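Reviewing the structure listed below.
Any read-out appearing in this document is the output of simple, stated calculations on the displayed coordinates, not a laboratory observation. This one's a predicted model, so the numbers in the text were calculated from it and none came from an experiment. Because the Cβ atoms are built from the backbone with ideal geometry, glycine has one as well, and the counts that use them run over all protein chains shown.
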There are 2 protein chains.
Amino acid sequence: MTIPEWEKGFHFEVLAEDSNSKARLGKLTTPHGVVFTPAFMPVGTYGAVKGILPEMLDDAGAEILLSNALHLEFRPGSDTVAELGGLHRLMGWNRPILTDSGGFQTYSLADLIKQHDDGIEVRAPMDGSKHQLTPEKVIQIQRNLGTDLMMPLDVCAPGQAPRQEFERALVTTQSWAKRSKEAFASTEPLHGNPQALFGIVQGGIHENLRRQAAVALLEIEFFAYAVGGLAVGETKEDTWRIIDFCTGILPRDQIRYMMGTGTPEDLDMAISLGIDLFDCVMPTRNGRKGTVFVTEGKLNLRNALFRNDPSPIEDGCHCYACRKDESDRPRFSRGAIRHFLNVGEVIGMQLGALHNLTFYLNRLAVIKQGLEAFKT
Amino acid sequence: MTIPEWEKGFHFEVLAEDSNSKARLGKLTTPHGVVFTPAFMPVGTYGAVKGILPEMLDDAGAEILLSNALHLEFRPGSDTVAELGGLHRLMGWNRPILTDSGGFQTYSLADLIKQHDDGIEVRAPMDGSKHQLTPEKVIQIQRNLGTDLMMPLDVCAPGQAPRQEFERALVTTQSWAKRSKEAFASTEPLHGNPQALFGIVQGGIHENLRRQAAVALLEIEFFAYAVGGLAVGETKEDTWRIIDFCTGILPRDQIRYMMGTGTPEDLDMAISLGIDLFDCVMPTRNGRKGTVFVTEGKLNLRNALFRNDPSPIEDGCHCYACRKDESDRPRFSRGAIRHFLNVGEVIGMQLGALHNLTFYLNRLAVIKQGLEAFKT
């Protein structure tokens with residue numbers, strides 16, 4: 001099967017490769033602009049990164065966002081998003097968006113899901129309404145959304161599941177991948193912009209299952225490949241062994257996405273193993289609760305220790321909260337953010353989340369800068 | 001008593017007066033910049049306008065904010081605000097701030113307050129801790145905060161209270177006003193910027209009590225005068241009669257502040273009766289709930305009617321949400337905001353509040369523009 005015409009609006013290029021690790025600098029071109037990799041996608045499950053207006057995401061350095069097709073199908077419905085002009089318009093965000101398919105929810109919402117050969121039946125957590133998701137339906141939902149990067153429906157087994165469960169999941173995921181690609185090839189974008197489809201490599205912690213999965217997906221041909229089904233209960237050693245294994249067999253010239261990871265240290269490790277793309281709720285969710293990342297680790301800004309502390313979350317940080325003004329003092333002190341968190345003022349949560357996003361994105365910017373040296 | 005040196009950083013000038021009403025265009029100069037009047041102050045009780053970062057308040061056209069000395073004394077404590085560099089730094093807002101004194105809470109938190117001749121004892125709503133507020137203490141709190149415009153402690157009786165209660169309240173308010181001015185004159189700013197003190201005219205719906213109150217305050221001499229104790233249960237007719245009466249006896253060349261008002265129509269009326277300054281939670285509180293102001297009245301964005309509506313809250317509005325992008329479509333549609341409100345995404349509340357603030361501030365901008373014609 002050949003790559004459909006409209007996928008040609010997409011391009012990925014490896015610009016440089018580290019000589020001491022598998023890390024690489026890349027450039028992803030999409031109809032909504034360019035993303036340099038390694039890249040981190042802030043998570044806006046329902047079409048908004050919680051509490052953060054798009055301008056402030058720009059300000060933090062975000063180039064691409066992640067949203068969730070299944071949750072948007074629950075509310076407001078992808079048909080409604082389509083009528084409102086697509087997800088970019090809903091979000092007020094005119095740069096690239098990737099949507100997850102709902103496959104991960106076969107793990108995270110397992111109690112609400114019945115899986116059958118044709119797809120899954122999901123009960124919406126908020127009202128119990130039933131939604132039938134097939135691979136074809138998931139493509140159609142993402143056509144409605146008009147997102148740049150689409151994920152196919154897959155099955156995500158828990159990390160400690162018996163090998164047979166992974167084998168079964170793999171058979172299903174492979175069959176669904178094929179149907180997803182066919183649905184993708186036989187439908188067209190609704191909002192004027194081309195879209196591209198990922199394949200998702202499953203197979204748990206079993207290298208030969210991962211290999212089977214990758215080989216099958218490569219045969220179908222996707223724009224790019226994700227490594228799914230990690231950080232779902234397996235050991236860290238297994239995580240990195242499998243990442244290393246997968247990046248060893250995935251094509252060099254296609255983007256590699258490790259789904260749902262992780263801590264700043266996780267990102268460092270995954271990048272050194274050849275991963276290009278990440279998403280995680282950690283920086284925003286932690287930040288909203290007052291747990292903020294600094295070079296030395298983490299701080300809990302709710303701690304009474306910070307009550308009278310006029311210093312920024314981290315000296316030298318250029319995030320919206322820490323940034324110095326003309327008087328060389330931070331816009332918001334630890335003491336101020338602690339107060340806002342303490343009285344339930346939403347801007348405390350916003351400032352924590354913005355700091356953490358900036359921390360992540362800046363960390364990647366530094367890594368990218370380092371990789372520039374390996375440009376040929 | 002002469003005006004203290006440090007009050008001289010303040011200036012108010014009437015630039016133009018309407019020939020058909022008592023409306024006037026004014027210019028208030030403060031150590032944190034200039035405010036043109038009639039002006040509306042968004043309310044940030046705890047040092048933040050709920051969910052709105054300072055940049056976005058700028059964007060909406062805010063020139064001055066209101067915060068609450070009593071609530072900040074509860075949490076985080078005005079001593080803590082002082083250690084953090086004052087309220088401007090806490091809020092990340094480098095333009096003028098006015099703080100209310102807590103006097104209004106003698107009405108709104110009546111069950112938690114014991115009033116005595118020397119001041120009031122307040123139990124904090126969140127933890128029951130007792131706080132003694134005297135006129136002197138309230139000045140000290142606002143010295144700690146370093147706000148530009150300070151209000152003295154006063155007594156606010158309910159609108160339908162018997163006349164004797166207003167008479168008693170007036171005697172107390174007058175004695176406290178004198179003590180406030182003395183405390184103001186005998187203390188100095190802590191954060192480098194001069195501060196100015198208002199007098200608050202009380203007296204309910206009784207013209208001769210209002211007159212007594214005003215005469216006594218004018219004798220003490222304040223930088224400016226507020227009309228308090230309105231919109232607390234009296235009829236609208238009484239409100240406007242008393243405003244008209246008060247602006248008739250207050251000096252022409254000093255700013256006049258009507259506390260805690262109101263709807264857009266209330267602002268129109270009060271401006272025509274000679275009021276210069278306003279604050280109210282209405283635009284932000286309503287906006288957060290999805291009730292938005294448009295030229296023709298109000299819309300409830302939670303209504304299913306707006307589910308698929310791609311139009312802006314109001315065509316032609318230049319607020320952050322309604323503003324057209326290069327493709328001539330609004331940044332956020334009614335349908336998008338409805339979705340965010342519906343799934344509990346905070347940005348729905350932010351967009352509603354920002355629209356309403358812009359609506360209020362723009363309405364005043366149009367009035368000010370109209371008053372330009374009367375410049376001599």
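Here are some notes:
- Cα gyration tensor category, rounded, prolate or oblate, for chain A with a/c compared to 1.5: prolate
- Around the amide H of B:Arg256, modelled in the peptide plane, lie the amide H atoms of B:Asp276, B:Leu277, all under 5 Å away and 5 or more residues distant in sequence or on another chain.
- Counting every other Cβ atom within 10 Å of each residue's Cβ, A:Met282, B:Met259 order from fewest to most as A:Met282, B:Met259.
- Candidates B:His88, B:His191, B:His116: whichever shows maximal mean-square fluctuation once chain B is modelled as a Gaussian network with Cα springs under 10 Å: B:His116
- Distances between copies of A:Arg323, taken at a point 7 Å out from Cα along the Cα→Cβ vector and listed shortest first: 1.5 nm.
- For the peptide A:308-316, the mean number of other protein chain Cβ atoms found within 10 angstrom of a residue's Cβ is 2.
- Spin-label pair B:Lys27-B:Val215: with each label point 7 Å from Cα along the Cα-Cβ axis, the two points sit 3.6 nm from one another.
- Largest GNM mean-square fluctuation among B:Glu296, B:Glu234, B:Glu17, using chain B with Cα springs under 10 Å: B:Glu296.
- Dipole orientation for the protein assembly as shown: of the candidates B:Leu277, B:Phe293, B:Ile205, B:Ile205 has the Cα lying most toward the positive pole (charges on Cβ; Lys, Arg +1; Asp, Glu -1).
- Rounded if a/c under 1.5, otherwise prolate or oblate - the stretch A:1-93, Cα gyration tensor axes: oblate
- Computed from backbone phi with θ = phi - 60° and the Karplus coefficients 6.51, -1.76 and 1.60, the 3J(HN,Hα) list for the stretch A:134-145 is 10, x, 5, 4, 5, 5, 4, 4, 6, 5, 4, 6 Hz; x is used for glycine and proline.
- With the charge dipole of the protein assembly as shown set up from +1 on Lys and Arg Cβ and -1 on Asp and Glu Cβ about the Cα centre, the Cα lying farthest toward the positive end among the listed residues B:His116, A:Thr239, B:Val171 is that of B:His116.
- Each Lys and Arg adds +1 at its Cβ and each Asp and Glu adds -1 at its Cβ; summed about the Cα centre, the protein assembly as shown shows a dipole of about 620 debye.
- Magnitude of the charge dipole for the stretch B:29-115, about its Cα centre and with charges confined to Cβ atoms of Lys, Arg (+1) and Asp, Glu (-1), is about 120 debye.
- Given R0 = 51 Å, the distance between the Cβ atoms of A:Lys375 and B:Asp58 translates into a calculated FRET efficiency of 0.80.
- Database remark: amide H of A:Asp154 closer than 5 angstrom to the amide H of A:Gly103 (H placed geometrically; neighbours at sequence offset of 5 or more, or on other chains; Pro and chain starts carry no H).
- Peptide B:226-234, shielding by other chains (average Cβ, 10 Å cutoff): 0
- Label-point separation, B:Lys114 to A:Glu326 (7 Å along Cα→Cβ), nm: 5.0
- Per-residue HN-Hα couplings for the stretch A:179-193 [Karplus 6.51, -1.76, 1.60; θ = phi - 60°; Hz; x = Gly/Pro]: 5, 4, 5, 5, 5, 5, 6, 9, 10, 10, x, 9, 10, x, 9
- For chain A, adding -39500 (n - 2.57) for each run of n ≥ 4 DSSP H residues and dividing by the number of residues yields -11500 deg cm²/dmol at 222 nm.
- Across the stretch A:72-82, computed HN-Hα scalar couplings (Karplus, 6.51 cos²θ - 1.76 cosθ + 1.60, θ = phi - 60°) run 6, 5, 4, 8, x, x, 5, 5, 5, 4, 4 Hz from first to last residue, x flagging Gly and Pro.
- Around the amide H of A:Thr37, modelled in the peptide plane, lie the amide H atoms of A:Gly26, A:Lys27, A:Leu28, all under 5 Å away and 5 or more residues distant in sequence or on another chain.
- Distance from the axis that maps chain A onto chain B is least for the Cβ of the chain A residue given, with the whole Å value, as A:Val346, 3.
- Fluctuation leader among B:Thr187, B:Thr30, B:Thr291 - chain B, Gaussian network, Cα springs under 10 angstrom: B:Thr187
- Global geometry of the stretch A:110-203, whether rounded, prolate or oblate, following the gyration tensor of its Cα atoms and the 1.5 cut on a/c: oblate
- Modelled this way, with points 7 Å down the Cα-to-C-beta line, the labels at B:Thr263 and B:Arg75 are 3.3 nm from one another.
- Note on B:Lys289: lysines with a C-alpha under 26 Å away, same-chain residues under 8 apart excluded, are A:Lys50, A:Lys289, B:Lys50, B:Lys236, B:Lys298, B:Lys324.
- Under a model in which nothing but the beta-carbon of Lys, Arg (+1) and Asp, Glu (-1) is charged, chain B shows a dipole of about 700 debye around its Cα centre.
- Distances between copies of A:Asp238, taken at a point 7 Å out from Cα along the Cα→Cβ vector and listed shortest first: 7.4 nm.
- Peptide A:167-175 has a mean shielding of 0, counted as Cβ atoms of other protein chains within 10 Å of each residue's Cβ.
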